[in-house]
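Q: Encoded as structure tokens, here's the structure I'll be asking about.
The values are calculated or read from the model by the stated rules, or taken from the named source; none is laboratory data. No experiment lies behind these values; they were computed from the predicted model shown. Heads up, the Cβs are rebuilt from the backbone with ideal geometry, glycines too, and the neighbour counts pull from every protein chain shown. When the accessible area is computed, the model is the full protein with side chains, heavy atoms only, and any ligands, DNA or RNA have been set aside. Shrake-Rupley method; radii C 1.70, N 1.55, O 1.52, S 1.80 Å.
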Amino acid sequence: MYRNNNVAKRIFHRQIATPPPGTTSHCVRRFYENIVPNHTVYDVECPDHSFRKFTVDGQYLITFSRNYRDLIVYRPKWLSFSYKGDEIDTFQELPSTAQKFESFFNLIYSVSLASCNELICKDFFLYMESNRFGLFATSTAQIQDAPAVGGAVPGVPSIEKITFHLLRLEDGEILDVKVFVNDFVNLVHNPGVFLYDDLLSIVSLRYQIVHILQIRDSGHLVDVRAIGAFCRDDDELFLHSSSQCVGVPERSRLVSGNVENGYHHNPPNTDNFFLSGLKQRLLSFIFRRIWNEETDHRLRVQCLTKSFYFHFQDYVDLIIWKVQFLDRQHLLLKLGSVDGGVSRMADHHRAFFAVYDMETTEIVAFYQNSADDLYLLFERFCNHFHAASRNSLCMNFISSHSNNIHAQEQLRSLKNKAVSYSQFVKKMLVSLPFNCQSQSPSPYFDLSLFRYDEKLISATDRHRQSTDHPIKFILRRPPHSLRFKIKSGKHSLSLTPFHAFALRFPLLIFGGSI
């Protein structure tokens with residue numbers, strides 16, 4: 001159905017017509033076809049900060065000082081200047097104050113986060129849906145060849161101190177901190193931390209423990225459970241009492257190490273009698289699944305020998321790479337080799353996926369990264385893998401092949417061009433689990449509103465190499481005209497080395513809104 005693109009007629013139509021049930025927000029987002037960033041101001045005098053991102057409501061701009069010790073938060077002033085002109089490249093000259101950063105943003109506060117030899121992790125930042133709290137991280141330098149002591153996984157680096165800071169975004173007050181000592185959490189673009197509602201998961205890659213915390217309304221980080229060596233709260237007590245009953249030396253007890261905020265930061269001893277509780281549940285699930293596939297006893301033994309016992313050590317050697325919440329009860333775990341867990345090119349390593357029920361402490365599903373049934377679930381229900389909150393409104397507008405016909409066409413095109421279907425499945429599943437808050441819900445990335453070159457820009461929060469030609473945003477609906485464009489190439493002759501890098505690999509920051 002053709003719709004008039006005149007904004008005045010759209011407002012009039014909104015007054016006299018009622019949208020179909022459940023489509024109110026979609027109708028509101030169509031106004032962004034008229035409200036577009038159609039002018040660029042160059043050579044703006046910006047502070048020497050590292051710009052991270054906007055919060056999803058666009059109220060806060062998160063930046064860090066150049067030495068990565070201070071958090072600096074700005075609030076946009078919104079509409080600051082006006083001009084006359086209808087064409088995209090025809091404008092009147094703006095006043096000289098338009099080339100000052102302070103004309104567009106107000107400084108709210110500056111808070112020192114890093115202490116001693118710590119630095120702010122510049123690529124890590126999470127915020128709650130209410131935008132009341134923000135989570136930041138500081139850490140010391142990474143030690144690549146750290147010895148595997150105290151139950152650590154060999155080959156995984158170590159960081160002497162990792163500190164998570166929970167701040168109130170309104171005034172920058174630090175409400176609580178959580179410290180991990182001699183551990184390793186992957187923080188670059190949030191793969192090691194996931195936030196769902198008020199639940200927070202932190203993956204200790206070095207000690208293979210999934211820490212579940214809750215963010216209370218008071219602004220405190222409360223320990224809920226630790227999944228890894230033990231799955232239930234009383235597992236350690238049960239093993240300890242059992243070992244005393246049979247006269248076995250107490251070898252399954254956790255090493256008493258550094259404890260901060262009531263938290264154990266060291267895993268069980270390496271001379272433990274047992275595999276970790278999570279690993280035992282994984283092995284038992286694989287065994288039972290193979291056992292139930294066959295009814296004949298002889299075929300069962302053959303299948304177990306071929307599919308379980310032959311690969312037993314491979315399953316034992318699996319480590320957790322990433323974790324995400326599917327809901328408040330289930331976790332999606334990605335497992336693989338140690339090399340894949342610490343490598344930046346993990347795409348080429350074999351991986352597995354497991355669904356873990358935190359209430360029953362059982363593995364309820366297990367897939368290889370080339371499994372057709374998992375891909376079909378991903379293709380049909382991709383939105384469920386973007387779990388951010390049960391009440392998240394903005395995140396529901398992230399375009400995917402399960403909610404957008406244009407994304408479906410792109411997926412179908414990729415599938416038709418693929419040389420091998422199994423390789424295509426692996427390529428599609430390599431992004432699972434999704435990094436938390438890694439995609440922008442901005443209306444300008446809505447594939448039902450605009451068409452753009454995803455090789456140049458996308459909703460994913462990543463640096464991309466700049467090009468000399470502009471990034472064009474074209475209306476998806478008739479008349480399919482060019483609505484606006486972003487020029488990210490080199491437009492200034494006097495560039496410092498940093499600015500030259502920033503223009504070559506820009507991070508285009510979009511404020512979210514519905």
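Q: Provide the packing ranking of 434-440, 378-384, i.e. peptides ordered by the mean count of other C-beta atoms within 10 Å per residue, highest first.
A: Result, highest mean Cβ count within 10 Å first: 434-440, 378-384.
Q: Moving on to the next point. Using alpha carbons only, what's the Rg to Rh ratio of the stretch 347-477 with Rh from Kirkwood? All intermediate terms of the calculation are to be shown ahead of the outcome.
A: Working: Rg = 16.4 Å, Rh = 16.6 Å.
Checking Rg against Rh, the ratio lands at 0.99.
Q: In addition: Counting only protein heavy atoms, what percent of the accessible surface of the stretch 86-229 is carbon or sulfur at a 1.4 Å probe? Mind dumping the intermediate values first?
A: Working: 2960 of 5880 Å².
The nonpolar share, carbon plus sulfur, comes to 50 percent.
Q: Continuing with the same structure: Of ILE35, ILE320, which has the most accessible area with a 1.4 Å probe, and how do the rest follow in descending order?
A: ILE35, ILE320
Q: If r is the Cβ-Cβ distance from ARG289 to ASP123 and R0 is 25 Å, what FRET efficiency results, to the nearest 0.05? Could you put the intermediate results ahead of the total?
A: On the way: r = 38 Å, r/R0 = 1.52.
Result of the calculation: an efficiency of 0.05.
Q: Please find the FRET efficiency linking ILE16 to ARG477, where r is the Cβ-Cβ separation and R0 is fixed at 25 Å, and quote it to the nearest 0.05.
A: In this case the efficiency is close to 0.75.
Q: Let me ask another. Hey, which of these cross-link pairs are over 23 Å Cα-Cα: LYS53/LYS426; LYS322/LYS455; LYS322/LYS415; LYS415/LYS455; LYS322/LYS426?
A: Details: LYS53/LYS426 30 Å; LYS322/LYS455 26 Å; LYS322/LYS415 26 Å; LYS415/LYS455 17 Å; LYS322/LYS426 16 Å.
Correct reply: LYS53/LYS426; LYS322/LYS455; LYS322/LYS415.
Q: Here's something else I'd like to know. Extending each Cα 7 Å along its Cβ direction at ASP372 and GLN302, get the distance between those two points in nm, one decimal.
A: Between ASP372 and GLN302, the label points sit 2.2 nm apart.
Q: How large a share of the accessible area of the stretch 1-80, in percent, is made up of carbon and sulfur atoms when the probe is 1.4 Å and the other protein chains stay in place? Write out the running numbers ahead of the final one.
A: Numbers: 2800 of 4790 Å².
Within the stretch 1-80, the accessible surface is 58 percent carbon and sulfur.
Q: Using r as the Cβ-Cβ distance of ASN416 and TYR42, and R0 as 41 Å, what FRET efficiency do you calculate, to the nearest 0.05? The partial results should precede the final answer.
A: Working: r = 42 Å, r/R0 = 1.02.
After rounding to 0.05, the efficiency reads 0.45.
Q: Further question on the same structure: Find the centroid of the Cα atoms in the stretch 422-493 and in the stretch 109-168, then give the distance between the two in whole Å.
A: That distance is 29 Å.
Q: Enter the accessible area per residue of the stretch 39-174 (Å², integer; probe 1.4 Å; all protein chains in place).
A: On the way: 6870 Å² over 136 residues.
Each residue of the stretch 39-174 exposes 51 Å² on average to a 1.4 Å probe.
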